[in-house]
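Chemist: Quick one: the structure is below, questions incoming.
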Number of protein chains: 2
Amino acid sequence: MEGEQLQAIETSQSLAERLFVTLRGEIVEGQIAAGTKISEPELARRFNASRGSLREALMRLESLGLLERRVNVGARVVELSERGLLDLYEVREALEGMACRLAAQYHTDEDLTELRQMLAHHEKQEGLQAGQAYFQPEGDFDFHFRIVQASKNDLLIDTLCNRLYYRVRMYRYQLGMASPRAKRAFREHSHIIEAIEAGDGELAELLMRRHIRASRNNIEKKLTRDH
Amino acid sequence: MEGEQLQAIETSQSLAERLFVTLRGEIVEGQIAAGTKISEPELARRFNASRGSLREALMRLESLGLLERRVNVGARVVELSERGLLDLYEVREALEGMACRLAAQYHTDEDLTELRQMLAHHEKQEGLQAGQAYFQPEGDFDFHFRIVQASKNDLLIDTLCNRLYYRVRMYRYQLGMASPRAKRAFREHSHIIEAIEAGDGELAELLMRRHIRASRNNIEKKLTRDH
DNA sequence: CTCAACAATATTGTCGACAATCTGTAAGCG
DNA sequence: CGCTTACAGATTGTCGACAATATTGTTGAG
């Protein structure tokens, strides 16, 4: 039994880094199910890596909030809960709202160009979407990602893009929260960009918060329906 | 030359954990200066620990944003910048504002009792404060800490209390940003608690954001004065 | 039959050594 | 004289082995 190859395509920086990226993907996409107990020796053998390198990857995953580690017990993939998802949206509302406020003030011309371009691409895809919102989630993702970049606040960018968003994607993949409100989301995105372009930070923040809260309410409703 | 003892008083969970706590304290308080290059072998010898255990501590410090690590180069204590401090306050404004909104809705009776108690203690100390705002910073800290706890949003609590606040304290210690606006801060704290008690989340958020933004403006003014 | 103490097993925490990579210095060349 | 290139030293990345701890299964007493 051979250890498997882990993405040789990546610019291989360090083994631990590659393990981290690979495992992060598998956890986010659910190939390693939520709540799973992680066995260090087993995973190490699987990738033909030492336990040390693997442990480094695990610790990074922990700092992402994708794993929970307890001393002398081991690591488990984080459990997905309704409460956790709703909490996440509250934090996003606060953070992305601020990102919009800042983006309205500090965005570059390039930021706006890319945002508009993204929106157009978005609209085109939406045209041939008749019930199947397949690529919508990733598109929505790019939009939020790009807005945050425009805020020019490195701490904010890091917190959202390198931390929370992986958790968001994990929930989307595994609880399948693809927004069935694609058309509405598109209009909201459009208005947000306009506010940013107009330099109206206050409005931009308000719209983004309302946008995210609408998603949250949508989820909350769906969850209580399945109760 | 003997390796030094690291807080035996702590409930020793694991060596790496203790190393982490110790180093975190030294970085926050500036005993290990900002921008310092970290030598793994040197620190390992200093604590009579193996490099492996030390590396684990370093990685946790990195995830706190207190260290920056680059592959095959090593770790440096993060550099303190004016921009970094202002960024930090923007994120706090967003997050703690939301914390207040949630606290107004979800706080327990115990939360309110502790907050009021803290405020009273705070007021008493302020009486004998005539220019020396020594303990003020920590008191202010406890207040914000307690508010966040009352939000009952685990992700928000973790992000602020286990991440950002260490960075805040590092800036306070090393750039000495003890608020010279103690009396005013006290009144603002008082009003925030009242809003939370009244269950007025909207007002509580507004007041907290204004409170933090006032601190930020204060800092910004001081920085431009020293230009 | 249930519960508690104990032994066996497996897993995690810690360590020291080796290999890969970077930094700084000095020699060679244009 | 300045720039590139080779070398030496040191540091980081990776590995396998040992010790400490938790978990599981078993046995015996009540």
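Chemist: Looking at B:Val71, is it within 29 Å of B:Gln13 (Cα to Cα), touching a Gly at 6+ places or on another chain (Cβ under 9 Å) and either more than 13 Å from DNA strand D (Cβ to nearest atom) or not assigned by TED's automatic domain parsing to the domain that holds B:Ile193 (or both)?
Modeler: The answer is no for B:Val71.
Chemist: Further question on the same structure: Any chance you could count how many residues in region A:143-170 are polar (S, T, N, Q) and more than 13 Å from chain B (Cβ to nearest Cβ)?
Modeler: Residues meeting the conditions: 1.
Chemist: Say whether the condition of being of a type in the set (Val, Ile, Thr) and either away from DNA strand D (no atom under 16 Å from the Cβ) or surrounded by 14 or more Cβ atoms within 10 Å (Cβ to Cβ) (or both) is met by at least one residue in region B:105-123.
Modeler: yes
Chemist: Next question. Looking only at region A:90-101, decide whether some residue is under 24 Å from A:Arg18 (Cα atoms) and at the interface with chain B (Cβ under 10 Å from one of its Cβ atoms).
Modeler: no
Chemist: Now a separate question. Across region A:145-165, what is the total count of residues that are within 18 Å of B:Leu64 (Cβ to Cβ) and within 9 Å of the chain's Cα centre (by Cα)?
Modeler: Summing the residues that are within 18 Å of B:Leu64 (Cβ to Cβ) and within 9 Å of the chain's Cα centre (by Cα) in region A:145-165 gives 5.
Chemist: Which residues, counting only those in region A:61-100, are away from DNA strand C (no atom under 15 Å from the Cβ) and on the phi > 0 side of the Ramachandran plot?
Modeler: Answer for region A:61-100, where residues must be away from DNA strand C (no atom under 15 Å from the Cβ) and on the phi > 0 side of the Ramachandran plot: just A:Gly65.
Chemist: Suppose the filter is within 14 Å of DNA strand C (Cβ to nearest atom), within 13 Å of chain B (Cβ to nearest Cβ) and not in a strand (DSSP E or B); does A:Glu56 pass it?
Modeler: In short, yes.
Chemist: Kindly indicate whether any position in region B:73-82 is assigned to a helix (DSSP H, G or I) and within 28 Å of B:Leu223 (Cα to Cα).
Modeler: yes
Chemist: I need the full set of residues from region B:14-53 which are near DNA strand D (Cβ under 9 Å from one of its atoms) and within 14 Å of chain A (Cβ to nearest Cβ), in order please.
Modeler: If the condition is that a residue be near DNA strand D (Cβ under 9 Å from one of its atoms) and within 14 Å of chain A (Cβ to nearest Cβ), then B:Ser14, B:Glu40, B:Ser50, B:Arg51, B:Gly52 are the ones that fit.
Chemist: OK, next. Just a yes or no: is a residue in region B:27-36 touching a Ser or Thr at 6+ places or on another chain (Cβ under 8 Å), under 24 Å from B:Tyr171 (Cα atoms) and outside the structural domain of B:Leu175 (by TED's automatic domain parsing)?
Modeler: no
Chemist: Which residue out of B:Arg92, B:Arg101, B:Arg83 is surrounded by fewer than 23 Cβ atoms within 10 Å (Cβ to Cβ), basic (Lys, Arg) and out of contact with any strand residue (DSSP E or B) (no Cβ under 6 Å at 6 or more places or on another chain)?
Modeler: Selected residue: B:Arg83, the only one of B:Arg92, B:Arg101, B:Arg83 that is surrounded by fewer than 23 Cβ atoms within 10 Å (Cβ to Cβ), basic (Lys, Arg) and out of contact with any strand residue (DSSP E or B) (no Cβ under 6 Å at 6 or more places or on another chain).
Chemist: Every residue in region B:64-113 that is touching a helix residue (DSSP H, G or I) at 6+ places or on another chain (Cβ under 6 Å), more than 27 Å from B:Gln149 (Cα to Cα) and among the acidic types (Asp, Glu), please.
Modeler: Answer for region B:64-113, where residues must be touching a helix residue (DSSP H, G or I) at 6+ places or on another chain (Cβ under 6 Å), more than 27 Å from B:Gln149 (Cα to Cα) and among the acidic types (Asp, Glu): just B:Glu82.
Chemist: While we're looking at this one, here's another question. Only residues that are closer than 17 Å to B:Arg101 by Cβ and in contact (Cβ under 8 Å) with a residue 24 or more places away in the chain: list them for region A:215-227, please.
Modeler: The answer is A:Arg216, A:Glu220.
The values are calculated or read from the model by the stated rules, or taken from the named source; none is laboratory data. Every value quoted in this text rests on a predicted model; they were computed, and no experiment measured them. So basically every Cβ, Gly included, is an ideal-geometry build from the backbone, and we count neighbours across all protein chains shown.
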